[in-house]
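K.L.:
What follows is a structure written as structure tokens; I'll ask about it next.
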Amino acid sequence: MKTSSHSKAFVFFILFFSASCQSVQQHVPHSQKPNVIFINVDDLGYQDVGFMGSQYYETPNIDRLPAEGMVFTRGYAGAANCAPSRACLLSGQNTPRHGIYTVGNSDRGDARTRQLIPVRNTLYLPDTTCTLGDLFKKAGYATGAFGKWHVSEDPSQQGFDVNYGGNQRGNPGKNGYISPYNNLPNLENAPAGEWLTDRLAAEAIRFIKSSRDKPFFLYLTYYAVHTPLMGKEELVAKYEKKAGSGGQENPIYAVMVENVDTNIGLLMKTIDELGLRENTLIVFTLDNGGIRAISSQHPLRAGKGSYYEGGIRVPYIIRWPGLVKANSRSDVPIVNLDFFPTFMDILKVQVSEQVLDGASIVPLLEGKQIANRPLFWHFPIYLEAYSPKEDNGRDPLFRTRPGSVVMLDNWKLHQYFEDGGIELYYLNEDVGERHNLVDSYPEKANELLAVLENWRAKTNAPIPTVKNPQFDTEFHLTDR
């Protein structure tokens with residue numbers, strides 16, 4: 001009886017997983033399926049590239065992409081830090097559905113400063129989740145993951161044919177940007193002095209060359225520019241001689257940014273040399289906002305880990321010759337949750353048994369419009385401060401306390417669960433979220449709060465309510 005039960009469970013698992021990623025007959029001719037390259041840079045700030053206004057960091061290769069494609073000026077990450085943002089992108093589902101809210105435990109920060117018992121955090125996407133890798137494999141693509149994965153142990157178990165450098169790690173570890181690479185997978189036998197960003201690009205280029213005769217999906221997610229900050233000495237000397245600008249002045253960080261850009265240039269050169277340019281769709285974006293103490297996000301408030309604009313607002317560039325008009329832009333808000341349904345739309349592949357929270361942006365790529373809609377973020381846990389002085393959060397102890405956010409049109413509402421606090425901002429005139437308008441526009445606040453509460457009910461979003469017995473009202477930052 002025990003063996004029979006296990007067999008039935010195994011059969012059920014296989015049937016469930018197959019249903020969750022089931023595809024329909026393809027309608028796109030093989031020759032018209034675009035290759036897709038998705039570049040996701042870790043912890044790069046909203047304005048840490050030239051086309052977004054930086055006068056200090058040098059990114060000539062990235063800066064060429066806007067002239068060849070569409071820039072989304074109001075792009076957003078699905079979450080404000082690494083693992084949940086990637087889980088949102090790869091699954092097409094918002095955080096209440098997959099339960100990944102942060103990296104590691106949810107009770108971050110000193111227990112004496114937390115009023116509530118936070119919701120338990122989920123660490124990994126389950127194998128039953130249909131990922132972007134699964135989606136592209138169902139469409140007949142070669143799939144490769146290069147770099148940071150961070151949502152499970154192995155992307156090759158979740159839809160990717162090859163995996164270089166990706167596992168559960170969120171950063172390469174101490175001295176991890178130069179070989180040896182602290183046990184990152186499939187990066188063995190690295191020559192002395194090899195840099196991780198260079199190696200990932202080289203492996204990605206090999207994948208492109210080996211896959212050129214069939215459509216491919218390349219998921220390129222550099223560990224850079226995540227800490228630890230490490231840079232090539234000859235380039236560091238160059239930036240040490242260069243004047244900083246607008247709070248951007250860290251020479252080692254600047255070298256990491258330039259090294260990412262250089263390798264993106266090599267990737268673009270390969271695409272051109274192989275004659276793949278016209279049939280390759282490229283997405284460039286970031287996983288979340290940058291760390292404010294390393295590189296200023298002004299005028300955006302706060303940075304990584306915060307649900308103010310500095311933590312979640314990210315640029316997107318999409319280049320797809322033949323469909324996307326060169327040197328075009330869109331001011332329509334989009335979020336990384338939108339890419340799963342967008343790729344479904346492009347590939348003509350349907351997914352059943354998996355609720356998706358984004359919307360296809362193919363109409364925007366065609367110069368049309370999509371339906372107006374609210375965007376949501378939910379964070380029922382705690383994330384301690386990096387730098388109380390520089391973070392510029394709601395209070396000096398935390399980048400984020402438990403709460404939810406809704407954005408509709410140019411209005412953005414924050415709700416906090418500890419004290420019931422409500423903040424309302426009109427982003428068109430206050431992108432820095434400095435002037436709380438809740439008292440001036442109570443009807444708008446109530447309208448958005450109702451939208452937010454309805455969404456939480458619909459998604460079964462958990463809200464922490466149990467009081468933390470360790471909370472100490474007399475404990476302050478200065479007591480530490």
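K.L.:
I need a count of the residues in segment 424-441 that are in a strand (DSSP E or B) and either small (Gly, Ala, Ser) or in contact (Cβ under 8 Å) with a residue 24 or more places away in the chain (or both). Steps first, answer last, please.
P.N.:
Taking segment 424-441 first, the residues in a strand (DSSP E or B) are 424-426.
Among the residues that remain, those that are also either small (Gly, Ala, Ser) or in contact (Cβ under 8 Å) with a residue 24 or more places away in the chain (or both) are: 424.
So the answer is 1.
K.L.:
Further, regarding this structure: So is residue 179 among the hydroxyl-bearing types (Ser, Thr, Tyr), within 26 Å of residue 84 (Cβ to Cβ) and more than 19 Å from the chain's Cα centre (by Cα) or not?
P.N.:
Values: among the hydroxyl-bearing types (Ser, Thr, Tyr): yes; within 26 Å of residue 84 (Cβ to Cβ): no; more than 19 Å from the chain's Cα centre (by Cα): yes.
No.
K.L.:
Can you find a residue in segment 354-373 that is in contact with an Asp or Glu (Cβ under 6 Å, 6 or more places away or on another chain), assigned to a loop (DSSP other than H, G, I, E, B) and hydroxyl-bearing (Ser, Thr, Tyr)? Even if it seems obvious, please write down each step before you answer.
P.N.:
So in segment 354-373, the residues in contact with an Asp or Glu (Cβ under 6 Å, 6 or more places away or on another chain) come out as 358-362.
Within this subset, residues satisfying the condition of being assigned to a loop (DSSP other than H, G, I, E, B) are 358-361.
If we keep only those that are hydroxyl-bearing (Ser, Thr, Tyr) too, we end up with 360.
Taking every residue of segment 354-373 in turn, at least one turns out to be in contact with an Asp or Glu (Cβ under 6 Å, 6 or more places away or on another chain), assigned to a loop (DSSP other than H, G, I, E, B) and hydroxyl-bearing (Ser, Thr, Tyr).
K.L.:
Go through the residues of segment 349-363 one by one and say whether even a single one is closer than 23 Å to residue 99 by Cβ, charged (D, E, K, R) and more than 17 Å from the chain's Cα centre (by Cα).
P.N.:
Of segment 349-363, the ones closer than 23 Å to residue 99 by Cβ are 351-359.
Those left that are additionally charged (D, E, K, R): 353, 357.
Remaining after also requiring more than 17 Å from the chain's Cα centre (by Cα): 353.
Yes, there is a match, as at least one residue in segment 349-363 is closer than 23 Å to residue 99 by Cβ, charged (D, E, K, R) and more than 17 Å from the chain's Cα centre (by Cα).
K.L.:
Residue check: is residue 428 surrounded by fewer than 17 Cβ atoms within 10 Å (Cβ to Cβ) and either in contact with a Ser or Thr (Cβ under 7 Å, 6 or more places away or on another chain) or not assigned by TED's automatic domain parsing to the domain that holds residue 323 (or both)? Can you show your working first?
P.N.:
Numbers: surrounded by fewer than 17 Cβ atoms within 10 Å (Cβ to Cβ): yes; either in contact with a Ser or Thr (Cβ under 7 Å, 6 or more places away or on another chain) or not assigned by TED's automatic domain parsing to the domain that holds residue 323 (or both): yes.
Criteria met by residue 428.
K.L.:
Would it be correct to say that residue 146 is in a helix (DSSP H, G or I), farther than 29 Å from residue 400 by Cα, touching a Leu at 6+ places or on another chain (Cβ under 9 Å) and aromatic (Phe, Trp, Tyr)?
P.N.:
Numbers: in a helix (DSSP H, G or I): no; farther than 29 Å from residue 400 by Cα: yes; touching a Leu at 6+ places or on another chain (Cβ under 9 Å): yes; aromatic (Phe, Trp, Tyr): yes.
Criteria not met by residue 146.
Yes/no per residue for (1) within 20 Å of the chain's Cα centre (by Cα); (2) touching a residue at least 12 places away in the same chain (Cβ under 8 Å); (3) not assigned by TED's automatic domain parsing to the domain that holds residue 335; (4) not in a loop (DSSP other than H, G, I, E, B):
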{"residue": "383", "(1), (2), (3), (4)": "yes, yes, yes, yes"}
{"residue": "390", "(1), (2), (3), (4)": "no, yes, yes, no"}
{"residue": "395", "(1), (2), (3), (4)": "no, no, yes, no"}
{"residue": "404", "(1), (2), (3), (4)": "yes, yes, yes, yes"}
{"residue": "414", "(1), (2), (3), (4)": "no, yes, yes, yes"}
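K.L.:
Within segment 297-330, count every residue that is among the hydroxyl-bearing types (Ser, Thr, Tyr) and surrounded by 23 or more Cβ atoms within 10 Å (Cβ to Cβ). Quick ask: steps written out before the conclusion?
P.N.:
Residues of segment 297-330 among the hydroxyl-bearing types (Ser, Thr, Tyr): 306-308, 316, 328, 330.
Still in the list and also surrounded by 23 or more Cβ atoms within 10 Å (Cβ to Cβ): 306-308, 316.
Looking only at that region, the number is 4.
The values are calculated or read from the model by the stated rules, or taken from the named source; none is laboratory data. Values in this document were obtained by computation on a predicted structure and should not be read as measured data. Positions of Cβ are generated from backbone atoms using ideal geometry, with glycine treated the same way; all protein chains shown enter the neighbour counts.
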